[in-house]
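A short write-up of the structure that comes next.
Here, each number is a calculation from the coordinates, and none is a lab measurement. Owing to the predicted nature of the structure, the values given are computational and were not obtained by experimental measurement. Neighbour counts are summed over all protein chains in view; Cβ atoms, including those assigned to glycine, are modelled from backbone coordinates with ideal geometry.
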Amino acid sequence: MAYTPYTGNELPNIVNLTKRLDPDGSPAKIAELLTEFNPILEDIPIVEGNLPTGHRTTVRTGIPSPTWRKLNYGVYPTKSTTEQVDDTIGMLEDYGEVDKDLAALNGNTAEFRMSEDTPHLEGMSNTMASTIFYGDTDTDPEKFLGLAPRYGALYTGGTPEEKREAQVNSAYLKNIISAGGTTSDKQTSLFYICWGDSTVHGIYPKGSEVGLSSRDLGEVTLYDNDGGRFQGYRSHYQWKMGLVVRDWRYIVRICNIELSDMTDDTAMKALYQAMIKAKYAVPQTGKGKGIFYASPGVQAMLDIAAVEKSNAALGYTNVFGKEMLSFRGTPIKGCSAILETEAVIS
């Protein structure tokens, strides 16, 4: 499934939404900075949740089976089965503060304040990207549920119906392919995600303006480490967001990738095979846009393989005038939020 950038005819991302709703440009600029630090944030389509604090999705858990009817014999009616899943929204906040006189020395107070606030925005971006992959509401209930906890165990067998039921009843844990790594706490994952309104997307609270806000709180009294007071400026940033997996089939996690093995041709072949399996594990319906997300180490090794060898699978795709590493036409994006210290998944 080839990458297709946002054109206005699909679900918008956080940057598109803020540009639509905020003519003064402030939240739009904040959104651009947030996505600049972590490219995955520019890919996620964002929709308004149908709950004040989240989104309720009806997931189909069973498909009705028709009957071959014989003459003079009837047919028993069947029905599909569904289950409702509630995804929550997390509330991420931070404050930026700067000495008033220090800002005045710069000559452009507004520009200096933004430069001082940028590290805070980078921290928010990193935290949000990390939560998308590893957010665990069992250990941190204030967060939203990420991808790794949903896809956290290998599926070992059973019929398609049993697998479908296991996915829904176990929070979509099974759509995983192992690359064969065995060393404890030295593994990483490659995620294949097909974003879309009926597959997987982000959410913001019902009735709010895209969930992203920035406020200039103006001049306030600040305190140094010893309790001394001085005048300064304070900014407040808030980002309310959640993640909805409407159809578990459109995400595949390739786990147990061991970076130390990626110089070995056998290990690289196993990874290529897993990537092919991941693409075919997703229904070939044309829904969503498929993208691979890799840790920086995995992305670097795949890039080296694309350059050093005659590899028909690895190459480069032109996206907005930029050459991007790709696997059989599907972009591979680096994401520093993906850990390279994961435990072996069995």
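Here are some notes:
- Between the listed residues Val200, Pro66, Gly146, the Cα displaced farthest toward the positive end of the dipole of the chain, a dipole computed from Cβ unit charges relative to the Cα centre, is found at Pro66.
- Distant-in-sequence amide contacts of Leu145, defined by a placed amide H-H separation under 5 Å and a gap of 5 or more residues or a different chain, comprise Thr88, Leu243.
- Candidates Thr82, Thr67, Thr182: whichever shows maximal mean-square fluctuation once the chain is modelled as a Gaussian network with Cα springs under 10 Å: Thr67
- Gaussian network model of the chain, springs between alpha carbon atoms under 10 Å - residue of Thr57, Thr78, Thr109 with greatest fluctuation: Thr78
- Rounded to the nearest 20 debye, dipole of region 230-318 from Cβ charges on Lys, Arg, Asp, Glu: 700
- Taking the chain as a Gaussian network of alpha-carbon nodes connected by springs under 10 Å, the highest mean-square fluctuation of the residues Thr18, Thr263, Thr131 belongs to Thr263.
- Across the options Tyr237, Met268, Cys255, the greatest Cα extent toward the positive end of the charge dipole of region 232-272 (unit charges at beta carbon of Lys, Arg, Asp, Glu) belongs to Tyr237.
- Each Lys and Arg Cβ is given +1 and each Asp and Glu Cβ -1; about its Cα centre, the chain then shows a dipole of about 2180 debye.
- Environment charge of Val344, counting only residues whose C-beta is closer than 15 Å and scoring Lys/Arg +1, Asp/Glu -1: -3
- Helix runs (DSSP H) in the chain reaching 15 Å along axis by Cα, Kyte-Doolittle at least -0.5: 26-37, 109-134, 265-281, 296-308
- Structure-derived volume of the Cα convex hull per residue in Å³: which label, when the choices are [x] 197; [y] 169; [z] 133: [x]
- Residue-span extension gain [Lys70 to Ser184] - 0.36 nm each, minus C-alpha spacing: 35.3 nm
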